[in-house]
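Trainee: Pasting a structure below so you can have a look.
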Amino acid sequence: MPDLRSLALAAVLFLAATPGAALSPRDRPPVTRPMADHDMAREERSNGDLRSLGQLLACAQRPVGRAEYLGVEPDIGASSYRFKFMRPDGRVMWVDVDARSCRVLSMR
């Protein structure tokens, strides 16, 4: 039967071999993860670096005139948004808008 010293030594060796096992969850360092696109956009918007989606939609709709808004695709990495519209004649148009300046980058 193992004596108390052997058990204590085994426990110490086990804890030494597994770093972090002896730490409680609040003592462990936080797990870092890359910032997701939506988190990055929210942070830049709260800092005032990006325009609101409503402002960007208004900027995108000006050059297409009377067109029905169909949707938006953000490109957070490039700080731009691609808006999709359908004109009264049925043509679909895409308008790329810079999220910082509200400037129209391209229309297709």
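We did not get these values from a lab; they are worked out from the coordinates using the rules stated. Note that the structure is a prediction, hence the values are computed from the model and not measured. Quick reminder, even Gly has a Cβ in these numbers, built from the backbone with ideal geometry, and neighbours come from all protein chains shown.
Trainee: What does the net charge come to around MET93 if you take all other residues with beta carbon closer than 15 Å to its beta carbon, with K and R at +1 and D and E at -1?
Mentor: Around MET93, the charge tally is +3.
Trainee: For ALA99, which sequence-distant residues (separation of 5 or more, or a different chain) have an amide H within less than 5 Å of its own amide H, given hydrogens modelled in the peptide plane?
Mentor: Correct list: SER80, TYR81.
Trainee: Want the number for SER106 to ARG87: 0.36 nm per residue separation, take away the alpha-carbon distance, what's left?
Mentor: 5.2 nm
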